[in-house]
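The values are calculated or read from the model by the stated rules, or taken from the named source; none is laboratory data. Just so you know, these numbers come straight off a predicted model, no measurement behind them. Cβ coordinates were reconstructed from backbone atoms using ideal geometry, including for glycine residues, and neighbour counts include every protein chain displayed.
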Amino acid sequence: MKKPPLRIPELSGENVEEKRSEIKAYFNLVYERYESLFRLLADEKAYYIKADSLRHPLIFYYGHTATFFINKLKLAKIIDNRIDARLESLFAVGVDEMSWDDLDEKRYEWPTLAETQNYRDRLKILVNELIDTLPLSLPITEESPWWVILMGVEHENIHVETSSVLIRQLPLDLVRSSGEWSLCPESGNAPENRLLDLPGGLVSLGKSRRSKLYGWDNEYGNHQSHIPPFKASRYLVSHAEFLPFVEEGGYREARFWDKEGDAWRLFANVSAPTFWVEKEGKYLLRTLSREIPLPMNWPVEVNFHEASAFCRWLSEKRGKTITLPTEDEYMHLREISGVPRLLEWGEKAPANIDLEYYASSVPIDRFRHGEFYDVIGNVWQWSRTPIYPFEGFKVHPIYDDFTVPTFDGKHNLIKGGSWASCGNLATAQSRYAFRRHFFQHAGFRYVESRYEESVETNSYESDALISQYCHFGWGESYFDIPNYPAECAQLALAYMKEKPRRRALDLGCAIGRSSFELARGFEEVIGIDFSTRFIRHAQQMKESGLLRYALPVEGELEAFYEVRLADFGLEEMREKVAFWQGDACNLKAHFRGYDLIFAGNLLDRLYDPRKFLESLYDRLHPGGLLILASPYSWQEESTPRERWIGGFKRDGENFTTLDGLKEILEPGFTLLETKDIPFVIRETARKFQHTIAEMSVWERGR
């Protein structure tokens, strides 16, 4: 029997060297496939224009997937050295479309394509060397360094999809055709769609930690529900089926759109799907590399708002309640239709998926699954379910912000995969969610259903660490000890005296209390933290002025808190602060020109505190202040022993952190004062941490 193609490696196996070889082949296949996608760009300038106003230019995505490897390998302490700190900072964090105007391109100075390609080449060599030399034991678990390598590969698979969507939005003269990315030549009339009956039943979702394949954090845990009988459309909605909605003015009728969808409709000023191009009274379809006559029997590609509006229009037409399916209903349909799981596919995928057929959709009646078609593949299928955590969910410490920022009720799940879905994206248990105005290779099927879904997105933050920091920043004081971030900010303002108070930088800002407090005296405050989850909550406070979180009281009992900026007299500070995710040891170059830099409880959590300290002189104005506050609780888990700047014996004598600070800073700074600052962290109603930080105040020389 012919060996099936390499799709995604299993985590277990009998032979370590065979597994090493398999993972190496998989990494190189995915890495080279991603680069081949970018060979569709016919001109270098295509890398630098914004195909979508809400996304970075493609040069970012070309570099991002490579720097992701280094940043995660460094965080996991698998490697010690970076390849290029500047590029790894610049390409580190993309953008989840938080709003329709959230990108400020003035902050980015993109590298050349040659620089970026050189970086990718060096990264490829490094990862191959790691695969050749890292110790390997089977099965691979989440704690294994090999999990981080697979994480990088699956992250690259994700960006095959996102980058191909952006390429579809570039001007045609900037792209070219390629045999590696060929379009389906088949088109014709669409079959008539109709609803088929499905029985009710118990739905059980969630992935075991003993699963054979790599998974993202949101896949693990448990969820069960019993859904009643419902009807589902036999086919995906085709261009032919969607066309009457367009021709009858569906995009102009507000009654078909909910409040959020209507706001997007008016903002985008659209009258047809994004990938439809109207010329001489006819519609063409924009594919990866060219425009073709609208293939009526291909699935339509739309965002959630457009799919939902079509369902309301169809409901009005038929006098029935037509909606998008829930995740539970889709998974029930998938189970009943008997679609084989990825490891059972054999030589060829049973659907237009995994790039095994074409780099485009195919007719909606080509791949049959039971009584239905395209239960998987062709295009993703929008659901009406906002992504939520299964019971037992926990984040992976090396990628703690993969899913958590989407548990906000604003990201809906897409199911089933598209023609471009490879690796994890093609597995039965994958869970990907996007903003509802987001464009992916996504379409939909509809259902007639009376199922009322009940899922809980995080209205109250319950993650223990995040909740603890929310309370540390915004909760009440204990034992007559003032709120620590507020006290530090107030002292910083006092130390400024008559100095200019134009711009302040708050490093390690956590949930943002110190940043808002500094804004009482500064014209502009930038808060930066390594944790995207912290920054998300700080940004939430800025945007809505409100945080909700739950704290343990005892055992299973919790107390719920709601705090508002207005409660602290900080409502007017919202426009003066901005929050960014960043690595304090590898900050982007444009973070400079400050009158104050404050770093609270940061120093002893850095992987390279000396590098951090040596970078601060050039970021401050002459005469500006650097204020550090830390309990100096050095731990090898955070900072390698050889990089501690104090807290050890040198030449037989005690060498304190303050000694180390003087040694590093005094060439450019003058120490003005040190001061003890106590703080309290609440763990439960009867358990607290009491700590004393030392604050040191340094003035930059002129």
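One line per residue, one yes/no per condition, for (1) more than 23 Å from Arg502 (Cβ to Cβ); (2) part of a loop (DSSP other than H, G, I, E, B); (3) in contact (Cβ under 8 Å) with a residue 60 or more places away in the chain; (4) within 27 Å of the chain's Cα centre (by Cα):
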site	(1), (2), (3), (4)
Ala578	no, no, no, yes
His590	no, yes, yes, yes
Ile597	no, no, yes, no
Asp618	no, no, no, no
Pro622	no, no, yes, no
Leu626	no, no, yes, no
Ala629	no, no, yes, no
Ser633	yes, yes, no, no
Glu637	yes, yes, no, yes
Check your understanding: Among the residues of the stretch 553-576 satisfying the criterion of being aromatic (Phe, Trp, Tyr) and part of a strand (DSSP E or B), which is nearest to Arg503 (Cα to Cα)?
Key -> Tyr561
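Residues checked against (1) surrounded by 13 or more Cβ atoms within 10 Å (Cβ to Cβ); (2) touching a Leu at 6+ places or on another chain (Cβ under 6 Å):
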| residue | (1), (2) |
| --- | --- |
| Thr656 | yes, no |
| Glu673 | no, no |
| Phe679 | yes, no |
| Val697 | yes, yes |
Review point. Using beta carbons and a limit of 9 Å, which pairs, at least six apart or on different chains, have the first residue in the stretch 515-543 and over 18 Å from Pro397 (Cβ atoms) and assigned by TED's automatic domain parsing to the domain that holds Ala578 and the second one in a loop (DSSP other than H, G, I, E, B) and among the aromatic types (Phe, Trp, Tyr)?
Key: Ile526/Phe591; Ile528/Phe591
Review point. Could you say which residue among Val300, Val339 is of a type in the set (A, V, I, L, M, F, W, C) and touching a helix residue (DSSP H, G or I) at 6+ places or on another chain (Cβ under 8 Å)?
Key: Val300
Point to revise | Criterion: in contact with a His (Cβ under 8 Å, 6 or more places away or on another chain) and either touching a residue at least 40 places away in the same chain (Cβ under 8 Å) or assigned to a loop (DSSP other than H, G, I, E, B) (or both) - qualifying residue of Tyr26, Tyr34 | key: Tyr34
**Study point:** Failed item in (1) surrounded by fewer than 21 Cβ atoms within 10 Å (Cβ to Cβ); (2) more than 19 Å from Leu333 (Cβ to Cβ); (3) modelled with pLDDT of 95 or more, with Asn458 passing the rest
**Key:** (3)
Point to revise | Scan of the stretch 52-80 for residues that are at pLDDT below 95, crowded, with 20+ Cβ neighbours inside 10 Å and touching a Pro at 6+ places or on another chain (Cβ under 9 Å), ordered by number | key: none
Check your understanding: Is one or more of the residues making up the stretch 10-18 closer than 16 Å to Val148 by Cβ and assigned to a loop (DSSP other than H, G, I, E, B)?
Key -> yes
Point to revise | Residue that is nearest to Ser430 (Cα to Cα) [pool: residues in the stretch 149-203 that are hydroxyl-bearing (Ser, Thr, Tyr) and not in a helix (DSSP H, G or I)] | key: Ser182
Study note, to complete from the structure: The condition of being closer than 30 Å to Arg33 by Cα and touching a Phe, Trp or Tyr at 6+ places or on another chain (Cβ under 6 Å) holds, among Tyr357, Tyr373, only for Tyr373
Review point. In the stretch 135-148, what residues are closer than 15 Å to Lys212 by Cα and in a helix (DSSP H, G or I)?
Key: Trp146, Trp147
Revision key, fill the gap. Counting only residues in the stretch 508-548 that are closer than 17 Å to Ile466 by Cβ and basic (Lys, Arg), the one surrounded by the fewest Cβ atoms within 10 Å (Cβ to Cβ) is identified as Arg548
Check your understanding: Within the stretch 262-284, is there a residue that is touching a residue at least 60 places away in the same chain (Cβ under 8 Å) and part of a strand (DSSP E or B)?
Key -> no
Review point. Limited to the stretch 681-702, what total is found for residues that are hydroxyl-bearing (Ser, Thr, Tyr) and more than 22 Å from Leu603 (Cα to Cα)?
Key: 1
Practice item. Kindly check whether there is at least one residue in the stretch 146-166 that is within 30 Å of Glu329 (Cβ to Cβ), in contact with a strand residue (DSSP E or B) (Cβ under 7 Å, 6 or more places away or on another chain) and outside the structural domain of Ile364 (by TED's automatic domain parsing). Key: no
Review point. Is it true that Pro667 is over 24 Å from Arg501 (Cα atoms) and modelled with pLDDT of 95 or more?
Key: no
Revision key, fill the gap. Selection from the stretch 272-283 of residues small (Gly, Ala, Ser) and in contact with a helix residue (DSSP H, G or I) (Cβ under 7 Å, 6 or more places away or on another chain) yields Ala272
**Study point:** Residue among Val379, Val375, Val395 that is in contact (Cβ under 8 Å) with a residue 24 or more places away in the chain, hydrophobic (A, V, I, L, M, F, W, C) and surrounded by fewer than 21 Cβ atoms within 10 Å (Cβ to Cβ)
**Key:** Val395
